[in-house]
1. With the structure loaded, tell me whether residue 38 is modelled with pLDDT under 85, assigned to a helix (DSSP H, G or I) and not β-branched (Val, Ile, Thr) or whether it fails that test.
2. Which of the residues that make up segment 63-99 are in a helix (DSSP H, G or I), open to solvent by 80 Å² or more (accessible area, probe 1.4 Å) and without any contact (Cβ under 8 Å) to a residue 60 or more places away in the chain?
Amino acid sequence: MTNVYKEPKVFKGTMEPYPHEEHGRERGRAKNPVKFLQGIEQRARERQVAIETVRLLRRDVIECYHREGVNHYENCKEEVQAYYNIIIQKDHGQLQPKW
């Protein structure tokens, strides 16, 4: 049996923005290099999470289209709306630091 009829696992909580560290004025060096590199790594992780979220939502839409056939206009509205709400956001809803 496939996982077509199982409830999707969705995170319902909220995430706090991660800290951002700017470059310093002196020769382009960061004020705190460790925090600067951690911020870059966190930004990359958040970007990957946003990409995978879009990928999973797209897969849900495709599965619904296949499952519902000609009735997909009526029966896949929720999946399509969730997918649309994510892809119209800047950076696909990626968590951004407070600049």
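1. In short, yes.
2. Quick first cut of segment 63-99, residues in a helix (DSSP H, G or I) only: 63-75, 77-87, 90-93.
Keeping just the survivors that are open to solvent by 80 Å² or more (accessible area, probe 1.4 Å) gives 65-67, 70, 73-74, 77-78, 81, 84, 90.
Correct list: 65, 66, 70, 73, 74, 77, 78, 81, 84, 90.
The values are calculated or read from the model by the stated rules, or taken from the named source; none is laboratory data. Note that the structure is predicted; figures quoted are calculated from it, not measured. Cβ: placed from backbone, ideal geometry, glycine included. Neighbour counts: every protein chain shown. Only protein heavy atoms, including side chains, enter the accessible area calculation; ligands, DNA and RNA are left aside. Shrake-Rupley method; radii C 1.70, N 1.55, O 1.52, S 1.80 Å.
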